[in-house]
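Report on one structure; see the data block that follows.
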Amino acid sequence: MHKHMAEAMQMLGRHHTMVEPLSTLTARGTVTGRTRGGPAVVQAPVDYIAWTQRAAEFARRPDMNAQQHSVWLRGKVSPLAQRELTALGWTVQEEVRKEKP
């Protein structure tokens with residue numbers, strides 16, 4: 001768990017320096033960030049996400065109610081998860097590598 005949290009924080013740090021600055025971080029089970037404009041950003045150091053009840057509940061969490069939200073994954077999502085996340089307004093970035101900023 002600690003390794004997962006540390007890697008998520010590293011991914012958010014890279015996002016902050018290489019993509020768009022983050023204004024806030026929240027750790028409510030999953031570490032998430034928000035940019036100044038409000039989009040929610042989730043960095044997930046996981047190999048695969050299937051569309052499960054838990055994934056659906058996360059994608060619909062009230063604190064994820066930004067007009068724009070994205071998930072950046074080290075791995076991939078299932079075709080069903082891709083469809084469902086997209087339908088809920090999520091942008092999915094797969095196979096984000098561990099590169100230094």
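A short reminder: the numbers here are calculations on the coordinates, not readings from a lab. The shown structure was predicted, so the numbers you read here are calculated from the model rather than taken from an experiment. Neighbour counts are summed over all protein chains in view; Cβ atoms, including those assigned to glycine, are modelled from backbone coordinates with ideal geometry.
Convex hull volume of the C-alpha atoms in the chain, normalised per residue: 89 Å³. In the chain, helical runs assigned H by DSSP with n ≥ 4 each contribute -39500 (n - 2.57); averaged across all residues and rounded to the nearest 500, the mean residue ellipticity at 222 nm is -10000 deg cm²/dmol. Annotation: the antiparallel percentage among DSSP beta bridges lying fully within the range 2-93 is about 45.
Please identify the trypsin sites (Lys or Arg not before Pro) of the range 1-98 that satisfy two criteria: DSSP loop assignment and at most 14 other Cβ atoms within 10 Å. Which are they? Those that pass, being in a loop and sparsely packed, are R36, R60, R97, K98. For the range 90-96, backbone phi angles converted through the Karplus equation (6.51, -1.76, 1.60; θ = phi - 60°) give residue-by-residue couplings of 7, 9, 10, 10, 9, 6, 6 Hz, Gly and Pro being listed as x. Of the GluC sites (Glu not before Pro) in the chain, the ones in a loop by DSSP (not H, G, I, E or B) with at most 10 other beta carbons within 10 Å are E95, E99. Net charge in the neighbourhood of Q82 (other residues with Cβ under 11 Å of its Cβ; Lys, Arg +1, Asp, Glu -1) is 0. In this Cβ point-charge picture (+1 for Lys and Arg, -1 for Asp and Glu), the chain has a dipole of about 160 debye about its Cα centre.
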